[in-house]
Structure formats: C-alpha cells, structure tokens
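A short worksheet on the structure shown next.
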Amino acid sequence: MKEESNNLEAYRRRANCLECGCKIYGREDKKFCSATCKNMHNNRLRSAMREQRNAAQMALQRNHDILSALANSGQNGGKLDTLCSLGFDPDVVSGIRHAGVRVWEYSCYNITYRLNGRRLYKIEIHSGT
Ligand SMILES: [Zn+2]
C-alpha cells in the first residue's frame, strides 16, 4: 500500500503546464497538460521567431535599398545621420570582417562599406558569381 502511494505521488506532478498553467499529471519530464497546449506553445514560439526573422530581413532589405541607391547614384559614401534619417539601421548587417588596423568592413548582402565615426565610406556593390 505504501509503495502504491509512492507511485501515485510520483505520478502527481508539482509542475504546471507551460501553456495554460494547470497542474500536470504523468511523466516527470512532461511540460504540457495536453497535446493542444504543446502545439499552441510551440506555434507561438515559432511565430515569434518568424516575426523576428522577418523584421531582421526587412531591415537588411531597407539598408540594401538605401546603400544601393547611394552607390548607383555615383556616391561611395555618406553621412550616417543622413542615411539613418532615410531608415538605414547601422546595427543590422549580414556580415562583418576585419579589413585592417582598426578598420571593419560591413556587409549588407552583396554591398560592403566601412564606417569612420559617423560617416560611411567605400560603399561597393559586388556583382554575383
Ligand atoms: Zn495546458
């Protein structure tokens, strides 16, 4: 009887469902009270990750459009403040590499540029292949 009581206690969990917060019964490592809660939780996480990824891609695309327009107008540099006023976000890059002593080259897909204080310079479009 005592062993049965211990088994019953082990079956009862003190944890709560990560989705709805209700008490969970069953396996020790269960995180959800039902498949519905598990699916809702995972769908929400995936949706949040998708939104973050889309926001980053949109910011990269906006940066690319701005840099591309600048380079195609014959300019290979510009004031960071001016570019930021157009929507350029210097915190969003697709790559960064060390290009010399205290010089970093940033990439936005196929466009590279360097920063000197508040000024972008050496904006270059690299053709594919
Ligand atoms: Zn639940």
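Observations, loosely collected:
- Residues in region 33-91 that are among the basic types (Lys, Arg) and either touching a Cys at 6+ places or on another chain (Cβ under 7 Å) or surrounded by 13 or more Cβ atoms within 10 Å (Cβ to Cβ) (or both): Lys38, Arg62.
- Filter pass, Ser34 being within 16 Å of the ligand (Cβ to nearest atom) and either out of contact with any His (no Cβ under 9 Å at 6 or more places or on another chain) or outside the structural domain of Ser107 (by TED's automatic domain parsing) (or both): yes
- Those residues of region 22-71 which are small (Gly, Ala, Ser) and in contact (Cβ under 8 Å) with a residue 24 or more places away in the chain, in sequence order: Ala56, Ala59, Ser68, Ala71
- Only a single criterion out of (1) within 14 Å of Arg114 (Cα to Cα); (2) surrounded by 11 or more Cβ atoms within 10 Å (Cβ to Cβ) is not satisfied by Gly95, namely (2).
- Positions within region 102-126 being exposed (fewer than 15 other Cβ atoms within 10 Å of the Cβ) and acidic (Asp, Glu), in sequence order: Glu124
The values are calculated or read from the model by the stated rules, or taken from the named source; none is laboratory data. Since the structure is predicted, the reported quantities are computational estimates derived from the model, not experimental observations. Here Cβ is always computed from backbone atoms with ideal geometry, including for glycine, and neighbour counts include all displayed protein chains.
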